[in-house]
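The values are calculated or read from the model by the stated rules, or taken from the named source; none is laboratory data. Computed from a predicted structure; not experimentally measured. No Cβ is skipped: glycine too gets one built from the backbone with ideal geometry, and neighbour counts run over all protein chains shown.
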Amino acid sequence: MKLPKSYYNPLSLVGTIIAVLALLLIILSVIFSFVFNAGSSYLGLFTYILLPSILIMGLILIPIGMIRAIRRARKANEPVSTKWIVIDFNDPRYRNAAALFIIGTVVFMLLTAVGSYEAYHYTESVEFCGQVCHRVMEPEYITYMNSSHARVACVECHVGQGANWYVKSKLSGLYQVYAVLANNYPRPIPTPISSLRPAKETCEECHWPEKFYTPRMQYEKHYLSDSLNTQWGIQLLIKTNSHHSSTNLAEGIHWHINPNVRIEYIAEDESREVLPWVRSINLATGDTVVYEDSWAPLDSATIATSVPRVMDCMDCHNRPSHNYMLPQQFVDAGIAAGDIPLLPEIKRLSMSILKDPYPTSDSALAVIRSELSAFYGDNYPDITKQTIEKAIEGVSSRYLRNIFPEMQASWDVYSDHIGHIEYNGCFRCHNDTHVSQKDDKISRDCEACHSILMQGSPGNEDYATGSETLPFRHPVDIDEVWKESLCTDCHRYLYL
């Protein structure tokens, strides 16, 4: 098959070879993924993004080479048919070129349509978000896979529906790709994300605020750091909503997002960990109350120049899919699940090992293995090696799910605003120090959010009777210190 003379030049031939090889590799990778049902984030990256880019680059080189060949021929006073291309289908060369062009264009457009569709869905996939930049996204990906939203694709929350946010996400992704290639990305990744789509456009696509139902039961199982790992259970009635669904958001925790209520706040900094100024507006009556932290109030100039943030779902549910558990939390969960055997002093020993940071995951795993092996080998020789090995694997696996030294990502960086034991969360506002001009306080009363129905160690439980609920009893006798200080003063750092 003869083609125009200008085609036969090194650059066009190289472009042809590149395009053909890229096309063959695309076809082979697609066949491989379908026939063997195999694939990975990197195979998708090559098949739908990298190889098509190389294919297009090769095709572009062909006309560039032809144009350069024509220009060189003119400079050398070599015969050129005409200034404008004349297509003469009586000439077999032009018929061949036209047929090749038309067939190639149809095939290329078909492949482009299929490839664009696959590329779009691939860039929207969980694998692309979590595994392409493995080291960077490993903490977020692993915590996501162990969360209650593991079957909700990343883009459902981070992008949502519509072309505008898709384009915004891809444009911001260009800088992220550059940061990874240049190895200048932050460690850890900072939060909260300033460009995150509003919760009303993401969370409320599934969670219907007007249909939150009545209070729910919650049972928690903890283990003390004594030699017997004494179990301590507590059963709570969490007052997420009104006691009857007919009154819906009139009371309870989700009152904060009542359509007739608007809660605004000014944070001390971008982390939103300290909220010294809070405003409550009753949209039905127009009543407005401003609460300021009496211990550390903002100055009037800061208040005047600040734009209050309207409270939404993400102000409490700030870690819905990427929750980093504290050591005492994941060790308790491991013991309760049976992944960590209930060996003597296992809770205390685990806490002593995990209380300090480690430079790498491998170094942490090495210390976990050596410390547990040495302790039980020296002090409890009757415990079998298989049981000790199970304990090592249990603590190690839970560590790898929650602490990522290479990215400096852990519970100590990413606070969870649900609750008030390990993080201040609710106590950012409900701390008895936020006071209005009329001396009203944002209450710290435990009964405002939950009621205790049972608490205690097995065989020594206290149960609520009738309409009466139980006053909180601290598992360890610390008198009434817990009433005078925040839970985080101990639970966040002392690993009780």
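For segment 356-371, the set of residues classified as of a type in the set (D, E, K, R) and surrounded by fewer than 13 Cβ atoms within 10 Å (Cβ to Cβ) consists of Asp356, Asp362, listed by residue number.
For segment 142-153, residues that are assigned to a helix (DSSP H, G or I), closer than 12 Å to Pro320 by Cβ and not aromatic (Phe, Trp, Tyr) total 1. Contact annotation: residue pairs with Cβ atoms under 9 Å, 6 or more positions apart or on different chains, pairing a residue in segment 279-291 that is within 22 Å of Ala267 (Cα to Cα) with a partner that is among the basic types (Lys, Arg) and in a loop (DSSP other than H, G, I, E, B), are Val289/Lys438.
Of the residues contained in segment 449-456, none is found to be among the hydroxyl-bearing types (Ser, Thr, Tyr), in the same structural domain as Arg369 (by TED's automatic domain parsing) and surrounded by 14 or more Cβ atoms within 10 Å (Cβ to Cβ). Residues that are in a loop (DSSP other than H, G, I, E, B) and of a type outside the set (Phe, Trp, Tyr) were ranked within segment 390-416; the one that is farthest from His317 (Cα to Cα) is Gln408.
Residues are listed down the side, and each one gets a yes or a no for (1) assigned to a strand (DSSP E or B); (2) touching a residue at least 24 places away in the same chain (Cβ under 8 Å); (3) within 37 Å of the chain's Cα centre (by Cα):
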{"site": "Ser443", "(1), (2), (3)": "no, no, yes"}
{"site": "Glu447", "(1), (2), (3)": "no, no, yes"}
{"site": "Ile452", "(1), (2), (3)": "yes, yes, yes"}
{"site": "Gln455", "(1), (2), (3)": "yes, yes, yes"}
{"site": "Gly459", "(1), (2), (3)": "no, no, no"}
{"site": "Gly466", "(1), (2), (3)": "no, no, no"}
{"site": "Phe472", "(1), (2), (3)": "no, yes, yes"}
{"site": "Pro475", "(1), (2), (3)": "no, yes, yes"}
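Within segment 477-496, being acidic (Asp, Glu) and assigned to a loop (DSSP other than H, G, I, E, B) holds for Asp477, Asp479, Glu480. Candidates Glu220, Glu204: the one that is surrounded by fewer than 16 Cβ atoms within 10 Å (Cβ to Cβ) and either at positive phi or modelled with pLDDT of 85 or more (or both) is Glu220.
In summary, Val307 fulfils each of the numbered conditions (1) touching a helix residue (DSSP H, G or I) at 6+ places or on another chain (Cβ under 8 Å); (2) in the same structural domain as His420 (by TED's automatic domain parsing); (3) free of Cβ contacts under 8 Å to residues at least 60 places away in the same chain; (4) hydrophobic (A, V, I, L, M, F, W, C) with the single exception of condition (1).
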